[in-house]
Amino acid sequence: MEPSASESLLVDTFQARMVDIHDASLEQLHALSIAVGWPHRADDWQFLREMGRGFVALDEIDRILGSAMWFSHGDSFATVGMVISSPRLQTNGTGNWLMQRVLAECKERGLRLNATRAARRLYQSLNFAPEKTVYQCQGEARRLATPVPLPDGATISTLGPEHLDRATELDALAFGVERRVLMEKLFEQSVGYGLFREGRLEAFALCRHFGRGHVVGPVVAGNDEDAIAVVQPHVLDHEGAFLRLDTHRDGGAFATFLSHAGLPVFDTVLTMSLSHGNAVPQVATSEGPATYGLASQALG
């Protein structure tokens, strides 16, 4: 059901209305994320609008007061992201109003999101339950004094369109549901490296423009050594430049590698989920392919 102009909320001393995010000004969306210190460029917003759906709240002169989006991954699961309220209105219920609409649109889906500290109380009030911490690792990429050697029997190659099917399969095993449409879009916009054994792709890492520089993700691998092997080439490609990777990994060789490569932990968010009548896919962390780097905090 599309939002109508009659849907409104009294905010402070004026009436707000809700419209589809695809009808919103890209420049205003960019300004909204800047206002809360998020790094998203206008191009990043456009990418997310192409991948998902959402709403914005507008004031009486069509200024954007807040946003909320969701991204379908199959018929029974979605991730929620880009839930932003203008700083001057964060205690006026705009975020809750938008989230209630998202929940109504996604009532047949299990949901997962990554909550900032400021938003956790809102999501708890909506019955989202905590899962895991996400570590936002970023900084000026630097090559290690002694590069990490490749695992035995492994080779690293640049990914091409011919590797999309296998990468999508690995991503589905790690993420819990297939994300074919997203993976196709990411392959178009990213440089990818894959780890191969006997000609078979077993791990990969994609890297694309985002925010202040580049973001590495998704990264899918079966162990720390394979994950390091596919991320290390991206570190070398962007040596001296800003690089980011979001991960659930809080220790071990992979986390140590990121720190040594100039990507220490900058901030954390909390992964939270709501079953909404459907099972939420489990975030794989062992026993086969696992997500070592998120595609983004909004997309998971």
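Values in this text are rule-based calculations from the coordinates and carry no lab data. Quantities reported herein were computed from a predicted structural model and do not represent experimental measurements. Glycine gets a Cβ as well: all are built from the backbone with ideal geometry, and neighbour counts include every protein chain shown.
Numbers below:
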read-out	value
Karplus (6.51, -1.76, 1.60) ³J(HN,Hα), θ = phi - 60°, over segment 198-209, in Hz, Gly and Pro reported as x	6, x, 9, 5, 10, 7, 7, 9, 9, 9, 9, 4
FRET efficiency estimate (nearest 0.05) - Cβ-Cβ, GLU60 to ASP237, R0 51 angstrom	0.60
Square roots of 5 times each gyration tensor eigenvalue, C-alpha, the chain, largest first, Å	35, 20, 17
Assigned charges on the beta-carbon of Lys, Arg, Asp, Glu; segment 53-207 dipole about Cα centre (debye)	660
Cα-centre dipole for the chain with unit charges at Cβ (Lys and Arg positive, Asp and Glu negative), debye to 20	700
Calculated diffusion of segment 104-209, Stokes-Einstein form, Kirkwood radius summed over Cα pairs, 10 °C and 1.306 mPa s, µm²/s	93
Top positive-direction residue, dipole computed over the chain with Cβ charges, set VAL230, LEU182, GLY300	GLY300
Under 5 Å, built H, 5+ apart or other chain: amide partners of ALA16	LEU9, LEU10, VAL11
Backbone HN-Hα couplings from phi across segment 250-260 [Karplus 6.51/-1.76/1.60, Hz, Gly and Pro as x]	10, x, x, 5, 5, 4, 5, 4, 4, 4, 5
Calculated FRET value between LYS132 and HIS260, using beta carbons and R₀ = 22 Å, to 0.05	0.40
Computed FRET value (nearest 0.05) for THR268 with LEU144, which takes r as the C-beta separation and R₀ as 22 Å	0.35
Karplus-derived HN-Hα couplings along segment 134-141 (A = 6.51, B = -1.76, C = 1.60, θ = phi - 60°), whole Hz, x at Gly and Pro	9, 9, 8, 9, 7, x, 7, 5
Amide H contacts of VAL83 (H built 1.01 Å from N, under 5 Å, at least 5 apart or other chain)	MET69
Amide H within-cut-off set for TYR292, under 5 Å, with H built and near neighbours excluded	VAL219, VAL220, ALA221
For segment 211-246 and segment 32-105, distance of Cα centres in Å	27
Stretch gain in nm, segment ILE156-ALA253, where the contour uses 0.36 nm per residue and the Cα spacing is subtracted	33.0 nm
Segment 136-293, relative contact order in percent, only Cα pairs under 8 angstrom and at least six apart counted	36
Residue-averaged [θ]222 nm for the chain, counting only DSSP H segments that reach four residues, each worth -39500 (n - 2.57)	-8000 deg cm²/dmol
Cα gyration tensor shape for segment 8-108, rounded if a/c is under 1.5, else prolate or oblate	oblate
Net lengthening on full extension, ARG180/ARG41 (0.36 nm per residue, minus Cα-Cα)	47.6 nm
Gyration tensor (alpha-carbon) shape descriptor, segment 136-293, a/c threshold 1.5	rounded
